[in-house]
Amino acid sequence: MSHSVPQDSPTEATRLLCAGTYLDIEFRRRVIEELVEHAERPVAPSLGVDAVPVLTHALRARGQDTLTALIMLALWVGFISVDVASTPEGAEAPVPIWSTAYAVVCFMHWTAQAAAGRGSSVYVVDKSTLRQALKGSGGLRALRVLLPVGPPLLAIAYWVFTFWALSQGADNWVGIIFPLLLVLPVWMHRARVAAVMRTELSREAFRRRPRAYPSSSYHRRIAQAIDREQYSGLTIYDPSRPFIGMGVPYEPWSFALELKRRKGADGADGNAPGTPPFTGRTVVELIRPRLEALRKAAAETSRDRLKDLEIEEFVYLPVGPPRPRVAYDDHTVSRHLAESVNEGGEARRYFLRVRVGAWDEQVVVSVLVRVHTQGGMLVLEVVPHILTPVRPEFRAVDVIAARGEDDLLRDGVRALLSAPAAGFAAAVSTIRSAVSGFRTWLADPRRAVPDGPAHSVRELAGVPEVSLFQEMDISRYVKTVQDRIASGVREALRSQGFETDRFEQQIVQISEGGIYIGSMSGGAVAQGAGAEAKNLTGSGGR
């Protein structure tokens with residue numbers, strides 16, 4: 001089956017997420033868990049990110065960790081065997097003294113790295129560990145300070161003692177040779193990862209190279225399913241986890257308005273003479289031109305990100321048939337969109353989705369609009385969501401790529417310093433990979449109970465906060481889009497002969513903070529001058 005290259009494939013966010021699979025073991029593990037271990041789940045909508053290259057690089061990074069771990073396992077077997085064989089004569093039992101001592105050093109390095117929150121097995125991308133450790137007071141502060149400085153001191157003590165023992169005539173060459181040999185797999189690993197960063201994930205190379213795609217047939221089938229789903233106008237969801245992939249809700253609101261005829265407006269069913277029935281489709285078709293005009297005006301007069309504003313219709317379907325049986329062809333999607341726009345149902349939900357990808361897709365603003373008009377009422381639901389920036393440590397890809405191939409000696413020193421923790425982490429990663437593979441085989445996700453997405457790749461890589469500049473842009477985008485939505489609804493009411501006074505009053509109250517409806521269910525309402533009730537809780541998957 002052929003696959004098309006999606007438009008969002010070469011985005012900056014995609015590049016950083018691909019790099020993150022090499023720089024953060026935990027992120028890589030969660031990507032593989034969501035996309036491979038739970039192959040019964042369709043993927044969440046991919047906003048500004050192509051999940052297929054991210055999965056491809058996650059699998060390759062895991063394979064490189066496994067190769068490094070196997071080489072180091074062979075060296076450790078040799079280390080322990082030679083150490084036992086070199087036990088002095090007369091000892092009651094052979095004891096691997098030097099291999100045990102160096103294993104303690106490696107374990108302490110890895111423990112400190114894991115406790116400091118650095119998931120990388122090769123590159124240390126968190127440079128603020130000591131500064132963070134100095135925060136706090138008392139015994140906790142002392143413990144935190146020991147994390148970045150204790151293991152290196154322990155390693156220095158090992159080497160000092162080893163060379164001191166050698167100077168005293170001890171036959172301890174095994175305690176020197178094998179720790180140095182254990183640096184080589186880490187050095188090779190670092191060289192391979194640096195080559196990927198330089199030749200595939202640098203800014204220029206990522207734009208030029210073909211889209212990364214898995215090599216194994218099993219993972220290619222998963223990638224083909226992702227291609228069908230991630231940019232479709234239809235997505236499957238679990239009712240307990242709505243809006244997965246959209247990010248964090250940003251001041252959602254809604255209201256219901258009774259449709260009242262203007263004086264002098266005649267017509268059956270509340271419609272002005274000669275006008276079609278007043279439906280959700282009527283409102284949507286009047287909102288779209290205003291959003292398109294906003295995009296055109298921004299493109300003609302500025303470099304504002306609103307010039308790239310995307311407008312598309314979108315429908316949510318509840319979990320039902322197994323993943324392979326869900327149809328994503330154009331005809332099926334169009335049918336669901338046409339049927340759901342006016343039905344106002346609980347399970348199948350239609351939205352008009354407006355998306356702005358700002359800051360090189362680091363901040364993604366999505367405003368979802370739902371409107372229905374049953375029972376002589378107009379119900380408008382506006383649900384803005386924000387995808388926060390990708391973790392800053394993933395930007396280490398640019399530092400690594402800029403070092404070039406002539407940095408071999410300096411990288412060898414880095415490998416020497418990071419080898420104790422890196423080797424142990426590679427072993428842990430390989431054990432996790434084996435457990436993951438066995439768990440996937442045992443669960444057989446192809447025959448598992450159908451489910452909706454639990455996480456999105458893009459959300460897994462997001463930071464919890466945005467900067468003040470980004471917050472200002474988010475607020476501006478949301479308010480601008482909401483203004484166009486309000487004008488479209490107002491024009492729809494006027495064109496159909498309905499009163500608009502109450503609608504305009506509620507819009508003013510919402511925009512000025514007089515009334516905020518915090519969510520579609522269980523939201524808070526505040527009234528009075530300066531009153532405000534907000535609900536900023538995340539989506540079900542966060």
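Work out the charge dipole of the range 308-429 with +1 on the Cβ of Lys and Arg and -1 on the Cβ of Asp and Glu about the Cα centre, then indicate which of W359, V428, V371 is farthest towards its positive end.
Going by the Cα projections, it comes out as V428.
Can you sort Y213, Y218, Y22 so the residue with the fewest Cβ neighbours within 10 Å comes first? Kindly include the intermediate steps, with their values, before the conclusion.
Values: Y213 16, Y218 12, Y22 31.
Fewest-to-most ranking of Y213, Y218, Y22: Y218, Y213, Y22.
Enumerate the calculated ³J(HN,Hα) couplings along the range 239-254 in order (Karplus 6.51 cos²θ - 1.76 cosθ + 1.60, θ = phi - 60°), each rounded to whole Hz, writing x wherever the residue is Gly or Pro.
Computed from phi, the couplings for the range 239-254 are x, 7, 9, x, 6, 4, x, 7, x, 9, x, 10, 6, x, 8, 7 Hz.
Roughly speaking, what is the centre-to-centre gap between the range 148-207 and the range 36-115 when only Cα atoms are used, to the nearest Å?
Their Cα centres are 14 Å away from one another.
At D407 and Y213, where each label point lies 7 Å from the Cα along Cα→Cβ, what is the point-to-point distance in nanometres?
The answer from the label model is 3.2 nm.
Between E26 and M377, how high is the FRET efficiency from 1/(1 + (r/R0)^6) when r is the Cβ-Cβ distance and R₀ = 41 Å? Nearest 0.05.
Working: r = 48 Å, r/R0 = 1.16.
Step by step, r from the Cβ atoms, then E = 0.30.
If you place +1 on the Cβ of every Lys and Arg, -1 on the Cβ of every Asp and Glu, and leave all else neutral, what size is the dipole of the range 238-382 about its Cα centre, to the nearest 20 Debye? Each step should come with its number before you reach the end.
Working: 21 positive and 21 negative charges, 46 e Å.
The calculated dipole for the range 238-382 is roughly 220 debye.
Which whole-Hz ³J(HN,Hα) couplings does the range 436-441 yield from phi under the Karplus relation 6.51 cos²θ - 1.76 cosθ + 1.60, θ = phi - 60°, glycine and proline marked x?
4, x, 5, 5, 5, 4
Which ordering of H109, H219 is given by a fewest-first count of other beta-carbon atoms within 10 Å?
On the way: H109 24, H219 19.
Lowest to highest Cβ neighbour count: H219, H109.
Suppose the chain between L442 and R221 were pulled fully straight at 0.36 nm per residue; how much longer would it get relative to their current alpha carbon spacing?
Numbers: separation 221, 0.36 × 221 = 79.56 nm, distance 1.89 nm.
Extra length available between L442 and R221 comes to 77.7 nm.
How would the range 373-469 be classified by its alpha-carbon gyration tensor: rounded, prolate or oblate, with rounded meaning a/c under 1.5 and the a/b versus b/c comparison settling the rest?
Details: a/c = 4.18, a/b = 1.55, b/c = 2.69.
Oblate.
Quick one: if the Förster radius is 25 Å, what FRET efficiency do A293 and R476 give, using the C-beta to C-beta distance and rounding to 0.05?
Values: r = 17 Å, r/R0 = 0.70.
Once the sixth-power term is evaluated, E becomes 0.90.
If you count, for each residue, the other Cβ atoms within 10 Å and average over each peptide, how do 63-74, 199-210 line up from highest to lowest?
Peptide ranking by packing, descending: 63-74, 199-210.
Any read-out appearing in this document is the output of simple, stated calculations on the displayed coordinates, not a laboratory observation. From a predicted model like this one, the values you see are computed outputs, not experimental measurements. FYI the Cβ positions are ideal-geometry reconstructions off the backbone, even for glycines, and counts take in every protein chain you see.
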